[in-house]
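Only one structure is covered here, and it is reproduced in the block below.
The values are calculated or read from the model by the stated rules, or taken from the named source; none is laboratory data. Keep in mind that what you see is a predicted model, and the values were worked out from it rather than measured. Backbone-built Cβ (ideal geometry, glycine too); neighbour counts: all protein chains shown. Surface accessibility is based on the protein's heavy atoms, side chains included, excluding ligands, DNA and RNA. Shrake-Rupley method; radii C 1.70, N 1.55, O 1.52, S 1.80 Å.
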Amino acid sequence: MNDLLIKNGRVIDPANGVDGQFDLLIEKGKISAVKKKISDGSRKIIDAKGKWVAPGLIDIHTHFREPGYEYKETIETGARSAAVGGFTSVACMANTNPVNDCGSVTEFILDKAKSALVNVHPIGAVTRGLKGEALADIGEMAQLGVAALSDDGKCIMNGSVLRAAMEYASMFGLTIMEHADDSAISQNGSLNEGEVSSDLGLTGAPAIAEDVITARDISIAEYCKAPIHFCHVSTAGCVQLIRHAKDRGVRVTAEAAPHHFSITEDACRGYNTNAKMAPPLRTDSDVTAIIEGLSDGAIDCIASDHAPHSLFEKEVEFDNAAFGIVGLETSLGLSMALVHGGHMTPAKLIEAMSYKPAGIIGIDRGTLKPGAVADVTIIDPGLEWTVDPSKFKSKGRNTPFAGRELKGKAIYTIVKGKVVSKC
Amino acid sequence: MAEQDLYHRHLISMTDLSSSDIGQIIETAKVMKAISERDVKKTPTLRGRTVINFFTEPSTRTRTSFEIAGKRLSADVINISAAGSSLSKGESLKDMVYNLDAMKPDMLVVRSGFAGVPSMMTEWIECPVVNAGDGRHEHPSQCLLDLMTIQEKKERLEGLKVSIIGDILNSRVAKSNMIAMRKVGMSVTACGPATLLPVNIEKIADKVTSSLDEAVDGADVIMALRVQTERLERIGFPNVREYSKLFGLGLERMKKAKKEALVLHPGPINQGVEISPEVAEGPWSVILDQVTNGVAVRMAILYLLLGGGLQINE
Ligand SMILES: [Zn+2]
């Protein structure tokens, strides 16, 4: 009797071309009907008047740190952070300790995931120990159910290894998610190479470090006829390369992180380590290009690169600070600015945060079609709120958005018909 | 039997042989096999002929097989290996072959780690050259002994379905077999990790799959290839354990195969990697028949290329 009726909301379901006022009924954990008027019965009812009723949001790029770095985040706290942010499914990266490069680590994560608030999909490493040399136990992890493969945090610098990985992964229908960064070019740059790095006297990582790997990977993917996904695209050059590759039919997909289309390298001024991330925050013209990419579809989806760290890893010299920010709880709010600013329609945004990412990692979600698992997010598009890191459900507090006013928030997160978060 | 009419001077590639050439070699090999089953395993057919086995890549079984083949036909067989040859003292390959040519051999059997060496040698020497395996290119005598074994057991070649499993990219055995098998009307399924299939695989095989179950299902002939870890230039698979899980021919997999399917392996076997001992020694296995037939096929090759004529039937 966990049935749930969501009434009067604006149902936005891009997978099925639905955008209008409907009632949505959930029975036995599944969507059972989407109709103009569904009678109340004796069910639990949510009145969603003025709200968006969307497929549960999906974030395919998070770092849940377990096993190995539980002090930063666990699968349990990460999933709670996801639920608050409106996400019903997440994929977590393999750079744990030990690395998720073999079946036993995958099994450990899947076991922890069973009791998590939202669906947690492990991503397997491409290479053993993320070393970029020997292939990880891809077949074994695939059989257990990893959602994709990635050495995220590190770029696969040896093109021959990437090629072998693409060919090998293609046997299992797995996509490789690349963290594009030519480490020989980016050196140990801790922010974008440009005016700000120069002013601050810090070593910068130029945009070309990301561009050249993106170009290389597109060539390899095109040759192997295999898919490649680009994580956290941050440069105008990459957006252009990906757009052109798509135009000629290469199997390329890409994600952008909210911080890369919301703020620039200027956030690093004052040696603000909460603005240190990889790839780094770039320039205004990069931000503009990413927003264009999201609106014209060159970039498929939004992913937060949720990367919680402990305070002691950020309250250090800028050079020595850890890369990354807490992403799940601000992702939707920051992305809603694209709708409020007229860059994306509500349907396009929901698509980029549910249906599209589901397709990239091949999970059967991101739709409100009757019969589908009832993962639903109810969004109040007009709700104004202020980012307060002390209230994060994540263990991390590292964000450059503290105190920022955002408009739009998930007010109900529903997983398999069950409300896992509400505000 | 008819006077030899194999008009080829050399045996370099299966692309050079027609379906009827292949049939002729197999038929001749069957006669040769009978010689190996006698008490006195020798005929004077090639008496006074000199055969040089020129092996610049280590090989025990192929060299031994050619050596025995030559000796059973009464040829004088000389073995030269890379380590003991003047190649190791910096002499060029061409000079070495010129020198051998000056000694008037009747046949040169060549094994090289480099593709194309036997073919180049045909330009530098008067006598017939037999390719005993060159790099990742071809291994015609192995292919012919495979075909002979299949023909012997199945009493036909045409119409049979064969699945070749494993490192097809690096296998000269697979290469020769795919060429020849399709010539004689067999249909070839190539199965292996996507990383170990050549780029033009769709053109050289009738069917391509990375599912072993699919490859085994309905096959008349299953050929497992050696995992050549020493030859892997790219990283083709994560580790031996995962390879054997995905592509290892074990009893469980053989349940999907036809009861009367044949299992072949060019050897040497990595037990428990590409094939389990239960299968290698099981009822499907013709692996030792392949070795026996190897001698017969090589006798046939020497005989036909050296024009042994009618003496064989005396
Ligand atoms: Zn990354």
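At-a-glance table
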item: Odd one out for B:G192, checked against (1) touching a helix residue (DSSP H, G or I) at 6+ places or on another chain (Cβ under 8 Å); (2) open to solvent by 10 Å² or more (accessible area, probe 1.4 Å); (3) within 13 Å of another protein chain (Cβ to nearest Cβ); result: (2)
item: Among the candidates B:P268, B:P277, residue that is within 17 Å of the chain's Cα centre (by Cα) and farther than 26 Å from B:E27 by Cα; result: B:P268
item: Verdict on A:H259 being buried (at least 18 other Cβ atoms within 10 Å of the Cβ) and either among the β-branched types (V, I, T) or part of a loop (DSSP other than H, G, I, E, B) (or both); result: no
item: Hits in the stretch A:181-227 - residues which are within 16 Å of the ligand (Cβ to nearest atom), open to solvent by less than 10 Å² (accessible area, probe 1.4 Å) and more than 26 Å from A:G270 (Cα to Cα); result: A:I213, A:T214, A:D217
item: Count - residues of the stretch A:310-357 that are open to solvent by 30 Å² or more (accessible area, probe 1.4 Å), outside any loop (DSSP other than H, G, I, E, B) and among the β-branched types (V, I, T); result: 0
item: Single residue of the stretch A:82-138 satisfying the filter (touching a helix residue (DSSP H, G or I) at 6+ places or on another chain (Cβ under 8 Å), part of a helix (DSSP H, G or I) and without any contact (Cβ under 8 Å) to a residue 60 or more places away in the chain) that is farthest from A:G29 (Cα to Cα); result: A:I138
item: Segments classed as helices (runs of 4 or more DSSP H), wholly inside the stretch B:87-195, with at least 2 members that are within 12 Å of the chain's Cα centre (by Cα) and within 19 Å of B:I25 (Cα to Cα); result: B:140-154, B:172-183
item: Pairs, first more than 10 Å from chain A (Cβ to nearest Cβ) in the stretch B:236-256, second β-branched (V, I, T) and surrounded by fewer than 21 Cβ atoms within 10 Å (Cβ to Cβ), C-beta under 8 Å, six or more apart; result: B:V240/B:T229; B:V240/B:V273; B:S244/B:V273; B:G248/B:V273
item: Qualifying residues in the stretch A:102-119 (those that are more than 14 Å from chain B (Cβ to nearest Cβ) and in contact with a Leu (Cβ under 8 Å, 6 or more places away or on another chain)) - the one nearest to A:G86 (Cα to Cα); result: A:L110
item: Options A:D305, A:D286; residue that is more than 14 Å from every other protein chain (Cβ to nearest Cβ), under 21 Å from A:D182 (Cα atoms), more than 16 Å from the ligand (Cβ to nearest atom) and surrounded by 24 or more Cβ atoms within 10 Å (Cβ to Cβ); result: A:D286
item: Condition check for A:G85: under 30 Å from A:P14 (Cα atoms), crowded, with 24+ Cβ neighbours inside 10 Å and not hydroxyl-bearing (S, T, Y); result: yes
item: Test result for A:K409, assigned to a strand (DSSP E or B), basic (K, R) and open to solvent by 10 Å² or more (accessible area, probe 1.4 Å); result: yes
item: Options B:I164, B:I179; residue that is open to solvent by 10 Å² or more (accessible area, probe 1.4 Å) and in contact with a helix residue (DSSP H, G or I) (Cβ under 6 Å, 6 or more places away or on another chain); result: B:I179
item: Residue, nearest to A:K225 (Cα to Cα), within the stretch A:150-178, restricted to residues that are within 16 Å of the ligand (Cβ to nearest atom) and open to solvent by 10 Å² or more (accessible area, probe 1.4 Å); result: A:T175
item: Verdict on A:G132 being within 11 Å of another protein chain (Cβ to nearest Cβ), closer than 27 Å to A:F108 by Cβ and within 16 Å of the ligand (Cβ to nearest atom); result: yes
item: Residue in the stretch A:142-157 that is touching a strand residue (DSSP E or B) at 6+ places or on another chain (Cβ under 9 Å), more than 11 Å from every other protein chain (Cβ to nearest Cβ), assigned to a helix (DSSP H, G or I) and not aliphatic (A, V, I, L, M) present; result: no
item: Complete set of residues in the stretch A:358-371 that are of a type in the set (D, E, K, R) and buried (at least 18 other Cβ atoms within 10 Å of the Cβ); result: A:R365
item: Which numbered condition A:D23 fails, given (1) buried (at least 22 other Cβ atoms within 10 Å of the Cβ); (2) not in a loop (DSSP other than H, G, I, E, B); result: (1)
item: Test: A:I242 is assigned by TED's automatic domain parsing to the domain that holds A:L191 and either touching a Phe, Trp or Tyr at 6+ places or on another chain (Cβ under 8 Å) or within 16 Å of the ligand (Cβ to nearest atom) (or both); result: yes
item: Residue in the stretch A:228-246 that is surrounded by fewer than 22 Cβ atoms within 10 Å (Cβ to Cβ) and part of a loop (DSSP other than H, G, I, E, B) present; result: no
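Conditions (1) within 14 Å of another protein chain (Cβ to nearest Cβ); (2) more than 19 Å from A:G124 (Cα to Cα); (3) within 16 Å of the ligand (Cβ to nearest atom), marked per residue:
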{"site": "A:S42", "(1), (2), (3)": "no, yes, no"}
{"site": "A:D47", "(1), (2), (3)": "no, yes, no"}
{"site": "A:A54", "(1), (2), (3)": "no, yes, no"}
{"site": "A:H63", "(1), (2), (3)": "no, no, yes"}
{"site": "A:E66", "(1), (2), (3)": "no, no, no"}
